[in-house]
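As structure tokens, the structure follows; a few thoughts come after it.
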Amino acid sequence: MSDIGVFYKCYKEREAVEYSLEKLYQVYPDCPVYLASDGGHDYSDLMTVHQNLKSERFHDNRGWMLNSNGVNKDVIDNFRSDRIQAMFRTTFYEMLERLNSGVQWCDKPYVLFMEPDVLVRGTLTKHAGYDLSGVVPQPNIDPSAGWRNILRNIDGAKDVYSWSWPVIFSKKAFDECYAFAHSEKDIIEKLLLADLRFGIADDVWLPILFACCGYEQVHNSEITECNRNSNWRFSNHSLLHEFREKYPIQGSQNVGRHSR
């Protein structure tokens, strides 16, 4: 019996979703997966294919801030305005509630937060005993990140100036972080004001939220990335990021930000 459940956020990458689930269940036949469609396809039919899968289709949580080139100029130029900040707060707590629903439904000691470009291709073991793990250090490093000033003023908080994807976290730590986000909404508001990235990216806000509660991300040597490891196809890494061979072809209709 595995100690891991999966919160899987997806959009309209149908072939990639089906392929990654097939590969996941080859390794973990009994793994519970909470599949959250972020305004994309309805994947409820997959629950008849995989008995341990729960699929929910939500409205598009972040489409308002994005365009084909990434974050739209209005959000970048005005992200500290009352208008944008109100939308960021709504978006943050909606995403947190979806994640909490998945964590509680999976009811496992650890949760892998994955997307369609994440591929499980072997048994995962390195997460055990750690409350948050990923690829650290990572090229996503910014010593000037605005959230660092907020973290310095929180008793027991950890510093964060690097981030990575995907992540595996403990349910115990997440439950504490979830409670913190609801009891310390003024801190969440300060974090949203401090740096644009806290409001737009899961790989950023999640380790920062964990850092607020004293949890530091540790390196997980079982994870690698296709675009940063030219030998990924032949490596022994169990968890792969940036695998987009099953993504929609660039130029296809109804494609998210990533394509092949």
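The values are calculated or read from the model by the stated rules, or taken from the named source; none is laboratory data. Keep in mind it's a predicted model, so treat the numbers as computed, not measured. Every residue, glycine among them, receives a Cβ derived from its backbone with ideal geometry; neighbour counts consider all protein chains shown. Protein only, heavy atoms only, side chains kept; ligands, DNA and RNA dropped before computing areas. Shrake-Rupley method; radii C 1.70, N 1.55, O 1.52, S 1.80 Å.
In region 102-123, how many residues are touching a Leu at 6+ places or on another chain (Cβ under 9 Å) and either basic (Lys, Arg) or more than 16 Å from residue 56 (Cβ to Cβ) (or both)?
8
Note on region 161-183: residues that are farther than 17 Å from residue 7 by Cβ and either surrounded by 21 or more Cβ atoms within 10 Å (Cβ to Cβ) or of a type in the set (Ser, Thr, Tyr) (or both) amount to 4.
What residue, among those in region 123-157 that are out of contact with any Phe, Trp or Tyr (no Cβ under 7 Å at 6 or more places or on another chain) and charged (D, E, K, R), is farthest from residue 209 (Cα to Cα)?
So, considering only residues that are out of contact with any Phe, Trp or Tyr (no Cβ under 7 Å at 6 or more places or on another chain) and charged (D, E, K, R), the one farthest from residue 209 (Cα to Cα) is 126.
Of the residues making up region 51-58, one or more are out of contact with any strand residue (DSSP E or B) (no Cβ under 6 Å at 6 or more places or on another chain), more than 15 Å from residue 247 (Cβ to Cβ) and open to solvent by 70 Å² or more (accessible area, probe 1.4 Å). With respect to the conditions (1) in contact with a helix residue (DSSP H, G or I) (Cβ under 6 Å, 6 or more places away or on another chain); (2) more than 21 Å from residue 170 (Cα to Cα), residue 142 lacks only one, and its number is (1). With respect to the stated conditions, residue 152 fails to be touching a helix residue (DSSP H, G or I) at 6+ places or on another chain (Cβ under 9 Å) and among the basic types (Lys, Arg). Summed over region 25-49, the residues that are closer than 20 Å to residue 238 by Cβ and either out of contact with any Lys or Arg (no Cβ under 9 Å at 6 or more places or on another chain) or of a type in the set (S, T, N, Q) (or both) give a count of 5. Answer with yes or no whether residue 216 is part of a loop (DSSP other than H, G, I, E, B) and either surrounded by 22 or more Cβ atoms within 10 Å (Cβ to Cβ) or acidic (Asp, Glu) (or both). So residue 216 passes the test. Taken as a whole, region 183-202 holds no residue that is assigned to a loop (DSSP other than H, G, I, E, B), in contact with a Lys or Arg (Cβ under 8 Å, 6 or more places away or on another chain) and of a type in the set (Asp, Glu). Give the residues of region 232-249 that are open to solvent by 80 Å² or more (accessible area, probe 1.4 Å) and either part of a loop (DSSP other than H, G, I, E, B) or in contact (Cβ under 8 Å) with a residue 60 or more places away in the chain (or both), sorted by residue number. Across region 232-249, the qualifying residues are 236, 245, 249.
Taken as a whole, the structure leaves residue 10 outside the set of residues that are closer than 23 Å to residue 110 by Cβ, free of Cβ contacts under 8 Å to residues at least 40 places away in the same chain, open to solvent by less than 40 Å² (accessible area, probe 1.4 Å) and touching a Ser or Thr at 6+ places or on another chain (Cβ under 9 Å). Scanning region 24-50 for residues that are crowded, with 17+ Cβ neighbours inside 10 Å, in contact (Cβ under 8 Å) with a residue 60 or more places away in the chain and in a helix (DSSP H, G or I) gives a single hit, 24.
This table checks each residue for (1) aliphatic (A, V, I, L, M); (2) over 16 Å from the mean Cα position of the chain (by Cα).
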| site | (1), (2) |
| --- | --- |
| 47 | yes, yes |
| 61 | no, no |
| 65 | yes, yes |
| 76 | yes, yes |
| 80 | no, yes |
| 100 | no, no |
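A search for C-beta distances below 8 Å between a residue of region 163-187 that is free of Cβ contacts under 8 Å to residues at least 40 places away in the same chain and any residue that is part of a loop (DSSP other than H, G, I, E, B), counting only pairs 6+ apart in sequence or on different chains, returns 176/213; 177/213; 177/215; 180/213; 187/154.
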